[in-house]
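Undergrad: For reference, the structure I am asking about is given below.
Read the figures in this text as sums done on the coordinates, not as results from a lab. Keep in mind that what you see is a predicted model, and the values were worked out from it rather than measured. Positions of Cβ are backbone-derived with ideal geometry, glycine not excepted, and every protein chain shown enters the neighbour counts.
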Amino acid sequence: MMPKNAVFQDLIDLSIALASEQKIESVMNLVLEASIRLSGAEGASIYALDTLAHYLHRVSSKYRGLIEVMAEGERIPIYSGEKTPNLNEPASLVVSTGTPVNIGNIDSAIGYDFSRIREDDKLGGTRTRSLVIVPLTIQENRSIGILQLINVRNGADEIGALEDAALRPLMSFASQAAVCMWNSRLVEENSRLNRQFNRQLAELPRQRKAKKESQTRKFAKPGGLVGDSPPIEHAISLICKAAVSDVPILLRGETGTGKEMMASFIHQSSDRSGNPFVVQNCAALPEALLESELFGHVKGAFTGAATTKQGLAHEAHKGTLFLDEIGDMPLSLQAKLLRLLQEGEVRRVGSTKTETVDVRIVGATNVNLEKKIAEAEFRKDLFYRLNVFPIQMPPLRERPSDIPKLIDHFLKTSSEKFGRPMPEVSSDALDALLCWSYPGNVRELKNILDRAQLMADADQPIQITHLPGELVGYSDKESSRMPAVIPDGDLKTIVGQYEALVLEAKMREANWNKSLAARILKVSRRTIIEKLNRYNISRPKGYEIPDSESL
């Protein structure tokens with residue numbers, strides 16, 4: 001713990017620093033660093049409350065020491081199945097009542113549900129003993145989220161509950177930090193609304209960006225990339241450093257975060273830019289066909305192999321081979337890929353001859369490769385060979401200051417494509433768009449805006465009623481499968497109807513991405529496909545997922 005005088009001096013310094021920050025990501029980073037410093041905690045996380053106050057979403061974390069992996073996009077339900085506040089969950093208790101939780105030892109605490117905390121410990125390799133959660137409140141105790149600290153230090157500099165002398169300054173600081181975070185978001189919203197009335201203001205950010213690029217960067221951003229938030233700037237800076245080398249690169253991040261765009265940017269920024277950039281999704285083909293596609297085959301190698309065929313590794317000679325969803329590659333092919341990485345050698349299906357190719361491998365995945373290694377589904381040696389230069393692509397919820405710019409970009413692009421005026425966005429609709437957690441990331445945002453633009457009348461602004469039900473608190477009655485009453489019939493039939501309801505709801509939440517829905521429901525992708533066929537569930541018309549060319 002810090003001495004009392006040092007605490008108050010630190011609070012003064014932090015007040016000055018917070019007042020000067022505008023980017024919400026920078027504000028959150030300052031809050032986390034200061035909280036750890038003030039409390040002596042081992043880790044700190046900020047959870048933001050969504051528009052409907054149904055869930056808390058983890059938006060930023062910082063820990064001392066090495067953390068193996070933390071839950072991406074973890075969300076905490078505020079209500080139980082009975083639609084009453086879940087006061088056994090410490091985070092829900094704090095955000096519902098506005099009172100802090102200050103527990104010295106969670107192993108001996110009674111009346112709380114610590115299953116979420118223990119799951120975080122399992123994922124991150126931590127061991128939580130003490131837990132402090134304080135509300136982030138504004139405007140007469142309106143809660144916008146929580147600040148969570150683990151393993152704080154008490155007055156004796158031992159792990160335990162915070163003393164009142166330390167808890168009160170921390171709560172005061174949390175309230176001030178909440179106001180700064182809220183104001184940062186309002187600045188972004190006001191900026192977006194001002195641009196709607198005066199498009200010339202859009203030139204100012206571009207001029208600042210151009211000046212910054214000329215001073216600090218050697219490479220231009222990818223043509224379709226929109227945003228200049230600290231997380232995306234950090235990813236770009238890493239990519240610029242990696243592009244000039246020839247080492248394998250592993251792009252990690254959730255679906256829809258722009259991994260393929262970044263892979264193309266790596267290729268275009270490298271010495272191989274004049275040679276082919278070849279793309280293959282490792283989850284899109286069966287094992288036998290994927291092997292032939294990647295490494296080629298000789299005539300007669302299998303039924304239908306009427307001619308000798310080059311593989312994609314041959315096609316990418318002197319260029320770049322981008323392997324998307326590499327975490328889903330079958331184990332038998334992983335050994336051949338390892339050989340390609342180590343020796344630059346491939347062997348076509350049905351051939352005994354080894355050929356040499358010169359390719360740079362860029363892999364991408366949205367799965368936890370460390371977990372796959374532990375479950376013997378991914379080779380450890382291949383992971384270390386691929387993971388020479390890992391780059392984490394930030395999800396959209398971690399770069400909220402980019403959302404207004406993306407909204408502008410997608411609406412403008414769509415309007416130019418269809419030859420219609422660019423629509424305005426109402427304040428309520430904009431607020432809902434800014435507060436959504438976007439499990440499908442930028443691709444989901446584009447899909448939402450395309451749908452809203454079609455729903456809105458010509459020359460009319462996009463209203464909150466034009467947005468999907470999950471953003472604004474109502475459900476699509478035409479597509480809902482929830483029966484008004486429990487139907488008659490045997491148990492299997494009744495359960496099947498509810499299973500179909502849950503499956504369709506999760507598919508919509510996952511933006512109709514079967515792999516993402518499988519991870520949400522903790523089942524295999526094959527199970528998802530079988531149940532979709534069984535219950536005749538398909539993506540509704542008008543809900544097509546557009547190709548995301550601008551992330």
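Undergrad: So for segment 73-188, taking the charge dipole from beta-carbon charges (+1 Lys/Arg, -1 Asp/Glu), which of SER184, LEU147, ILE103 sits furthest toward the positive end?
TA: Of SER184, LEU147, ILE103, it is SER184.
Undergrad: Which net charge results when you count Lys and Arg as +1 and Asp and Glu as -1 among the other residues whose beta-carbon is under 12 Å from that of ALA301? List each step's numbers first, then the result.
TA: Working: positive: LYS299, LYS309, ARG347, ARG348; negative: GLU291.
Around ALA301, the surrounding residues sum to +3.
Undergrad: I'd like to compare 426-437, 156-167, 246-257: which one has the highest average count of other Cβ atoms within 10 Å, and what's the full order after that?
TA: On the way: 426-437: 19.2, 156-167: 15.5, 246-257: 20.9.
Top to bottom by mean Cβ count within 10 Å: 246-257, 426-437, 156-167.
Undergrad: Against the globular-protein guess of 2.2 N^0.38 Å, express the Cα radius of gyration of segment 396-474 as a ratio, rounded to two decimals. Before the final figure, lay out each step's value.
TA: Working: Rg = 11.7 Å, N = 79, 2.2 N^0.38 = 11.6 Å.
Dividing the Cα radius of gyration by 2.2 N^0.38 Å gives 1.01.
Undergrad: Can you tell which of THR352, LEU382, LEU250 lies farthest toward the positive end of the dipole of segment 230-393, using +1 and -1 charges on the Cβ of basic and acidic side chains (Lys, Arg; Asp, Glu)?
TA: Projecting each Cα onto the dipole axis, the largest value belongs to THR352.
Undergrad: Could you give the length gained by full extension between ASN141 and ARG129, i.e. 0.36 nm per residue of separation minus their alpha carbon distance, to one decimal place?
TA: Working: separation 12, 0.36 × 12 = 4.32 nm, distance 2.87 nm.
Working it through step by step, the gained length comes to 1.4 nm.
Undergrad: Further, regarding this structure: Under 19 Å from a label point 7 Å along Cα→Cβ of GLU499: give me every residue in segment 512-528 with its amide N that close.
TA: Counting only backbone N, you get 514-515, 517-528.
Undergrad: Order of 301-309, 41-49, 281-289 by packing, highest average Cβ count within 10 Å first? Spell out each step's value before the answer.
TA: On the way: 301-309: 11.6, 41-49: 23.3, 281-289: 14.0.
Top to bottom by mean Cβ count within 10 Å: 41-49, 281-289, 301-309.
Undergrad: Let me ask something else about it. What size of dipole, in debye to the nearest 20, comes out for segment 396-474 about its Cα centre when the only charges are +1 on Lys and Arg C-beta atoms and -1 on Asp and Glu C-beta atoms?
TA: Values: 9 positive and 12 negative charges, 62 e Å.
Computed about the Cα centre, the dipole is about 300 debye.
Undergrad: To the nearest whole percent, what portion of all C-alpha pairs in segment 212-367 is separated by more than 26 angstrom?
TA: Working: 3672 of 12090 pairs.
Here the long-distance tail beyond 26 Å is 30 percent of all Cα pairs in segment 212-367.
Undergrad: For the pairs LYS336/LYS372; LYS122/LYS371; LYS23/LYS259; LYS380/LYS522; LYS23/LYS62, note any where the Cα-Cα span goes beyond 20 Å. Spell out each step's value before the answer.
TA: On the way: LYS336/LYS372 18 Å; LYS122/LYS371 11 Å; LYS23/LYS259 24 Å; LYS380/LYS522 23 Å; LYS23/LYS62 18 Å.
Correct reply: LYS23/LYS259; LYS380/LYS522.
Undergrad: Tally Lys/Arg at +1 and Asp/Glu at -1 over every other residue whose Cβ is under 10 Å from the Cβ of VAL279; what's the total? Let's see the in-between values first.
TA: On the way: positive: none; negative: GLU260, ASP324.
That sum, taken over residues with Cβ under 10 Å, equals -2.
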